[in-house]
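Okay, structure first, notes after.
What follows is calculated from the coordinates using simple rules that are stated; it is not laboratory data. Everything numeric here is computed off the predicted structure, so don't read it as measured data. Cβ atoms come from the backbone with ideal geometry, glycine included; neighbour counts cover every protein chain shown.
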Ligand SMILES: C[S@@+](CC[C@H](N)C(=O)[O-])C[C@H]1O[C@@H](n2cnc3c(N)ncnc32)[C@H](O)[C@@H]1O
């Protein structure tokens, strides 16, 4: 494998950071690696189409988060933990993250030093700034989230004022309070310091609200391609009842809503469902419902009610789906299932089960995460004729 491909830029902290597992490989070789991985796991089910790569595999991430700490000379540093440790490797410019978001992080670090704000010490559980997260929309709106271990930020008003002066593209600044002993970045309490507390993105021609903790795909350019592949695979005619399972903030279902009679979205995370309902309203969509429930339980309920379902689009987490969900798919017996997966290993296990009643007619890998080992796959299944 060529680790020094001509088109492959190399990140100076690659060996410590651990964020990108395919650093040093040319982009062509990264795509080849992912193609082979999907083929090894899935080609026994059906031919695997050529992976859809990005034209420009850099600066695609719309969400960046860094941890703050001190170096051995007590200088403020920010970056990622060295893999398997709690030692911070300083990152000045992440090559897969949005470029302006990188600059905003640099400005926040300078302001923390200028105003002598303390940095959180996780051993002593003392100090203020713990992490900073920047989220941005494709419409040029930025959200800065200051994650603090303490309830207040000394000179908070001046920091926000200076930050906005330097970066007018920041539309909202949120303080997230996380004083717990945890490896989770965000705590449960948000305090809006400036703006509305959320930003808005446009995806597949619809508007979506991004709040500090809501799940939102990190690569907007390729999310549009992924969703288009999933919706195109379903060949919708306009009269279908479609289930958007594991729907997050309702993005896939809402994008498909104009092509079906009704969308039923199900998602376990309460705040994501709240966002899905807001997104429905924001786009004046009237044929979509969103339910907060375990997807398997909800499918069981629909099967008991003998609900008619034509298409299921399922996009489970990396752990894959479960028997309760998949056996209810069999009971509901939709004509088509579109499985969107971020983990081909669990996809293989789930296909082993689903192919008892369904045949696979397309497997399409999509590279949503260049420079990392992750790969997304869209798989179309048709009900077997009895
Ligand atoms: C890969 S994300 C997909 C989200 C959405 N389809 C999108 O494209 O933004 C998986 C989603 O499944 C949700 N989830 C995880 N376990 C679940 C379960 N048992 N039932 C319903 N939703 C679940 C997660 O909260 C997450 O929002």
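Quick notes on this one:
- Here region 130-256 carries DSSP beta bridges of which approximately 70% are antiparallel, counting only pairs with both residues inside.
- Prolate/oblate/rounded call for region 132-172, Cα gyration tensor, a/c under 1.5 rounded: oblate
- Rounded to the nearest 5, the antiparallel percentage of DSSP beta bridges internal to region 63-203 is 75%.
- Spin-label model distance (nm) - residue 268 vs residue 204, 7 Å beyond Cα toward Cβ: 2.3 nm
- Shape summary of the chain, radius of gyration then Dmax from alpha carbon positions: 22.1, 72 Å.
- Alpha-carbon gyration tensor eigenvalues x 5, square-rooted, for region 111-258, Å: 37, 17, 11
- Choice from 338, 160, 38 showing the highest fluctuation, given a GNM over the chain with Cα pairs closer than 10 Å: 160
- Crossing angle, helix 156-166 versus the chain [Cα axis fit, 0-90 degrees, rounded to tens]: 70 degrees
- Residue exposure sequence - 105, 88 - by fewest surrounding Cβ within 10 Å: 88, 105
- Residue order for 222, 74, fewest other beta carbons within 10 angstrom first, comes to 74, 222.
- Estimated from helices alone, the mean residue ellipticity of the chain at 222 nm is -8500 deg cm²/dmol (sum of -39500 (n - 2.57) over DSSP H runs with n ≥ 4, per residue).
- The angle between the Cα long axis of helix 270-282 and the longest principal axis of the Cα atoms of the chain comes to about 80 degrees, rounded to the nearest 10.
- Kirkwood Rh, Cα atoms: Rg over Rh of region 206-360: 0.93
- Region 276-386 shape via C-alpha gyration tensor axes, a/c threshold 1.5: oblate
- The overall shape of region 261-332, judged from the alpha-carbon gyration tensor, is oblate: a/c is not under 1.5, and a/b is no greater than b/c.
- Rounded to 10°, Cα long-axis angle of helix 323-332 versus longest principal axis of the chain: 40 degrees
- Distance between the 7 Å Cα→Cβ label points at residue 349 and residue 184: 2.4 nm.
- Using the Cβ-Cβ distance between residue 335 and residue 40 with R0 set to 30 Å, the FRET efficiency works out to roughly 0.50.
- If both residues of a DSSP beta bridge must be in the chain, then about 60% of such bridges are antiparallel.
- Computed lengthening from residue 301 to residue 47, 0.36 nm per intervening residue step minus Cα-Cα distance: 88.0 nm
- For the chain, modelled as a GNM whose springs connect Cα atoms under 10 angstrom apart, the maximal fluctuation among 359, 372, 319 occurs at 319.
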